[in-house]
Amino acid sequence: MENQEALEQQEVKEASRDEKMWAMLTHISTFAAFVFPVGNIIAPLIIWLIKKDEFPLVDDQGKEVLNFQISMTIYIIASVVLVFFVIGIPVLIGLVIFDFIITIIGAVKANDGIKYRYPITIRFLN
């Protein structure tokens, strides 16, 4: 555990201010889903494609955000189907709250220069 903390502290020192900002914006851009459908995937994809070659932290966090948002989209679609069996309503509400909170945590970690890993994520991009 100490080794991981030392590695995270090292990453903080290596990432520039701009790199941390773009990594954080990659996480925050997922809230574009409130503005247009599939914005939670399109907005971070655009940032990742533009900045991945310039900033290694953005490359890493962009893939992580995309993997998580694609996974959450799949989970939410499954929940919508389960709404017809009533169980989907609390699952859907829980997923939306979980997505919001965990995205904020990811954004804060990225702003600190730490490579954050989302839970319950299917790894589509490596």
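What follows is calculated from the coordinates using simple rules that are stated; it is not laboratory data. Only a predicted model underlies this, so the values are computations on that prediction, with no experimental measurement involved. Cβ atoms come from the backbone with ideal geometry, glycine included; neighbour counts cover every protein chain shown.
Could you give the alpha-carbon Rg of the range 78-117 over 2.2 N^0.38 Å, rounded to two decimals?
Numbers: Rg = 14.1 Å, N = 40, 2.2 N^0.38 = 8.9 Å.
Normalised Rg, Cα atoms only: 1.58.
Could you tell me, in Å, what Rg and Dmax come out for the Cα atoms of the chain?
15.4, 50
Which value in Å is the Kirkwood Rh of the range 49-121 over different Cα pairs?
Computed over the range 49-121, the radius equals 13.3 Å.
Any chance you could give the angle, 0 to 90 degrees and rounded to 10, that helix 2-14 forms with the longest Cα principal axis of the chain?
Taking Cα atoms only, the helix is inclined about 70 degrees.
Under the rule of -39500 (n - 2.57) per DSSP H run of 4 or more residues, summed and divided by the residues of the chain, what mean residue ellipticity at 222 nm is obtained, to the nearest 500 deg cm²/dmol? Provide the component values of the computation, followed by the final result.
Values: 5 runs with 89 residues, N = 126.
Result for the chain: -24000 deg cm²/dmol, rounded to the nearest 500.
Estimate the FRET efficiency between PHE85 and ILE120 by the formula 1/(1 + (r/R0)^6), using the beta-carbon distance for r and 25 Å for R0, to the nearest 0.05.
For PHE85 and ILE120, the calculated efficiency is 0.75.
Sum up the lysine pairs in the range 2-111 that clear both bars: alpha-carbon distance under 13 Å and a spacing of 8 or more or different chains.
Working: LYS20/LYS51; LYS20/LYS52; LYS20/LYS109; LYS51/LYS63; LYS52/LYS63.
Qualifying lysine pairs in the range 2-111: 5.
Pairing the Cα long axis of helix 17-28 with the longest principal axis of the chain, what angle in degrees results, from 0 to 90 and rounded to the nearest 10?
On a 0 to 90 degree scale, this one is about 0.
For helix 39-51, what angle does its Cα long axis make with the longest principal axis of the chain, in degrees from 0 to 90 and rounded to 10?
20 degrees
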